[in-house]
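Values quoted throughout were computed directly from the atomic coordinates according to the rules given, and no laboratory measurement underlies them. Predicted, not measured: the structure shown is a model, and the values here were computed from it. Cβ atoms come from the backbone with ideal geometry, glycine included; neighbour counts cover every protein chain shown.
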Amino acid sequence: MRNLVTGGAGFLGSHLIDKLLSAGEEVVSLDNYFTGSKSNLKKWFNNNKLEIIRHDITQPILLEADRIWHLACPASPIHYQNNPIKTAKTSFLGTYNMLGLAKRLNARFLLASTSEIYGNPLVHPQKEAYFGNVNTIGPRSCYDEGKRIAETLCFDYKRMHNSDIRVVRIFNTYGPRMLPNDGRVVSNFIVSAISGNPLTIYGDGSQTRSFCYVDDLINGMLKLMNSNYDLPVNLGNPDEFTVKDLAKILIKKVNPDVKLIYKNLPEDDPLRRKPDISIAKEVLNWEPSISLSDGLDKTIKYFKDYLKNEK
Ligand code: NAD
Ligand code: UDP
């Protein structure tokens, strides 16, 4: 089986490629290295089942593949807001180009969508049937609306061309290979605590997120790709924590001497988020198995090693 992974040099893409190559499959990684790095794939450089291509998916490309895993898109607010027009182009044109390729190749296509399509949800926990509460004109809209149109394109390709699509709505996922300057809360807090700097909480820290360890998420994505279920599926860890809880856990684990400081909550920052994973449990027989504490320990170790080697 030949797998095309867009965003293959990124955090999730490189973990997915690890799994696919470990299972003996062929992989083509397509990435423009905006937030990803070839070094995330370095342990496979001598494996001839991996082909690495630098390409920006806003441009079409012709390749051979049996399955397309479409992950290319910056995911952290600081990165996707860096050039919001480019983010919208990546979501729309990139998904359009990859769906066109899937149609031409008759390949199964999986979109990495997001819990952000629910916006600042008025329903809790979020089920797939919830249509969401998204601001169309705010600083997060390029990403949230970009992913919404990407989902729409998938379902229009399915209706018009019988495309074989899968859509995963990923909730906050963390783990080794997040960038130290990624800007997302888990990496920010861990890097600050290791460096002895205060942890910065946006707002009063009462907003909630549900954090999924990367290995659990990738297992769920593999199950979805291999299943016959072609409606959107939430994948995430339903254990819900406030941002302040997370900060306290990490201070205790990494460095009890660091303090908390507070900054304003960014515009449109969702106040609560927790996946309802009943569909994933039922149709994929999937649920996360790694607790926040164990996942954080693995991630802390990764960042300690990374920062030591950087010195
Ligand atoms: P990431 O930033 O590490 O990976 C994204 C990858 O896409 C990077 O390697 C980047 O260089 C590449 N890329 C960006 N724009 C591109 C373009 N125009 N052409 C080619 N490559 C491009 O982020 P991630 O956390 O690994 O996220 C992967 C996917 O999963 C994204 O689509 C993201 O929206 C989705 N997702 C992630 C999370 C999460 O918590 N990690 C949550 C929800 C959804
Ligand atoms: N956050 C924070 N401090 C940080 C980074 C993020 O308090 O250094 C907050 C952020 O405002 C949000 C939550 O943590 O409420 C999760 O942010 P992240 O960027 O990780 O994910 P997203 O908001 O996209 O779910």
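Some points to look at:
- Label-point separation, Tyr229 to Lys19 (7 Å along Cα→Cβ), nm: 1.4
- Loop-located trypsin sites (Lys or Arg not before Pro) in the stretch 244-302 whose Cβ has at most 16 other Cβ within 10 Å (DSSP): Lys259
- Evaluating 6.51 cos²θ - 1.76 cosθ + 1.60 at θ = phi - 60° for every residue in the stretch 61-76, the Karplus couplings come out as 8, 10, 8, 9, 6, 8, 9, 10, 9, 9, 10, 5, 3, x, 10, 8 Hz, glycine and proline recorded as x.
- For the stretch 118-135, Karplus couplings with θ = phi - 60° (6.51, -1.76, 1.60), whole Hz, Gly/Pro x: 8, x, 8, x, 9, 10, 9, x, 8, 9, 4, 6, 6, 7, x, 9, 10, 6
- Seen from Arg169, the other residues with C-beta closer than 13 Å to its C-beta sum to a net charge of +1, counting Lys and Arg as +1 and Asp and Glu as -1.
- Prolate/oblate/rounded call for the stretch 119-164, Cα gyration tensor, a/c under 1.5 rounded: oblate
- Calculated FRET efficiency for the pair Asn48/Asp294, C-beta based, R₀ 45 Å, to 0.05: 0.80
- Between Asn133 and Lys103, the contour length at 0.36 nm per residue exceeds the Cα-Cα span by 7.7 nm.
- Here the Karplus curve 6.51 cos²θ - 1.76 cosθ + 1.60, taken at θ = phi - 60°, turns the phi angles of the stretch 168-181 into couplings of 10, 9, 8, 9, 2, 10, 9, x, x, 6, 5, 6, x, 9 Hz, with x standing for Gly and Pro.
- Relative contact order of the stretch 124-280, pairs being alpha-carbon contacts under 8 Å that are 6 or more residues apart, as %: 35
- Partner lysines whose Cα lies under 22 Å from the Cα of Lys252, excluding those fewer than 8 positions away in the same chain, are identified as Lys244, Lys263, Lys298, Lys301, Lys304, Lys308.
- Set of aspartates and glutamates with alpha-carbon distance to Lys89 below 13 Å, sequence-local pairs under 8 removed: Asp56, Asp144, Glu145
- Cα gyration tensor category, rounded, prolate or oblate, for the stretch 238-311 with a/c compared to 1.5: oblate
- When the GluC sites (Glu not before Pro) in the stretch 26-99 are filtered for DSSP coil states and for at most 12 other beta-carbon atoms within 10 Å of their beta-carbon, the remaining sites are Glu64.
- Label-to-label distance, Lys281 versus Lys252, with points set 7 angstrom from Cα along the beta-carbon direction: 2.6 nm.
- Restricting the chymotrypsin sites (Phe, Trp or Tyr not before Pro) of the stretch 43-148 to loop positions (DSSP other than H, G, I, E, B) with no more than 15 neighbouring Cβ atoms within 10 Å leaves Phe45, Phe131.
- Taking the chain and dividing mean pair separation by its residue count, relative contact order in percent (alpha carbons under 8 Å, at least six apart): 17
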